[in-house]
Each structure stands twice: as C-alpha cells, then as structure tokens.
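The next block holds one structure in the form of structure tokens; read it before the comments.
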Amino acid sequence: MRIHYHRRRQSNKPKGPIYRANEQIRVPEVRLIDDHGTFLGVMKTFDALKLAREHEADLVEVSPKEQPPVCKLLDFGTFKYQKAKEQQAQKAHAKKVDIKGVRLSVKMGIHDMDVRKKKALSFLEEGDKIKIEIRMRGREKAHGELAFKRIENFIKLLEETYTLTIEQKITRQAGNVSAIIGRKS
C-alpha cells in the first residue's frame, strides 16, 4: 500500500501591492516628494537616488501608474510596516458574506416550512445570502414545476419581512432545483 503525503502549494501571488525602492525603480524620470510631503519636481531617477542618499532615506515608488511615477523620500521598512497595518485593518473591517443553505422538500408540511423560514430569516438578519434548494427523488423529478412553485412561495414568505434581491434565479440541474437570494442593503 502506498501512502501519499501531499504538500499544499502556496501561491506565488503577492498579498498586496508591490512597492519598488531605490535601484528597483527602472524609469528614467520620477516626480519626487520629500519626507515632509513637499513636491520637489520632476527629475531623473539617478538624481533622485543621489538626493535620497544625501537625506539618508530610501527612494520609494508610491504611485507607479502615474506618468512619470511618483516617488517619495522615506524609510522603506517603516513604509512597508505601515502599509501592512493598513491592509490588516481593512481586512478586519470587511465583512465576509457567507452563503447559507436551506433545504426544502416538495412534500413538506406547514410547520416544517415555518421552521425553515425562521432559520432563513436569522441568516438574512446576519447579512448572509441563502441558497434555497430542493432535491427531488423518484417520481418528483417528473414534476419539477412543483419544486419551482415551492421555492417561489418560500421567497414570498421571506419577502413579508425583508426586501430581497435574487442573486441567482430558480434553476434546475438534474434532480436539484435551487435559487440564491440576499437581503437588499
């Protein structure tokens, strides 16, 4: 018997924007800003590097898409640290929207429907999206329109409480009928 130990490959993509510094800057001219934020003008990259060394700072490309690129005289280590902190703060404030699932049945009773409705409303309250799904078995597959009507009725029940957006219309794939809905902001 052979046992495989798979290592997960880590992506080579950078996690944030890449900032060039000092000799990595390959453009002939740059717009230069000093460490106090005053604009020093457009100058050759070689002269800007010389000026950075005189000020005992690094020449950092802060806006590479400008024409010519904007560079700043500052300490590159603290600059990277500040940018990493800003990215982490943005990630902490961003809310990840999950897709929660609610499974219905064609033959479902009223009480079961109420239980699913309460759970779906709690998901919507948290700001998540809902995937409403019906798995059809046997002879139910011949009557897909019943599943469509059941999902439409369930969405109407939820719309009594919240205004909803339909992220994915009611679709049928093999024996499954599903739709994805979310709450309007």
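Miscellaneous remarks
- DSSP beta bridge pairing in the chain, given as percent antiparallel to the nearest 5: 75 percent
- DSSP-defined beta bridges in region 22-92 - what % are antiparallel, rounded to 5: 75 percent
- Rounded to the nearest 500, the 222 nm mean residue ellipticity of the chain from helices alone is -10500 deg cm²/dmol, with -39,500 (n - 2.57) taken per DSSP H run of at least 4 residues.
- By average C-beta atoms within 10 angstrom, highest first, the peptides 106-119, 81-94, 128-141: 128-141, 106-119, 81-94
- Annotation: lysines with alpha-carbon distance below 26 angstrom to residue 50 (same-chain offsets under eight excluded): 65, 72, 80, 83.
- Comparing Cα centroids, region 36-82 and region 113-185 end up 55 angstrom apart.
Computed from the coordinates by the stated procedures, all read-outs in this text should not be read as laboratory data. A quick note: this is a predicted structure, and the numbers were derived from the prediction, not measured. Ideal geometry is used to build each Cβ from the backbone, glycine not excepted, and the neighbour counts take in all protein chains shown.
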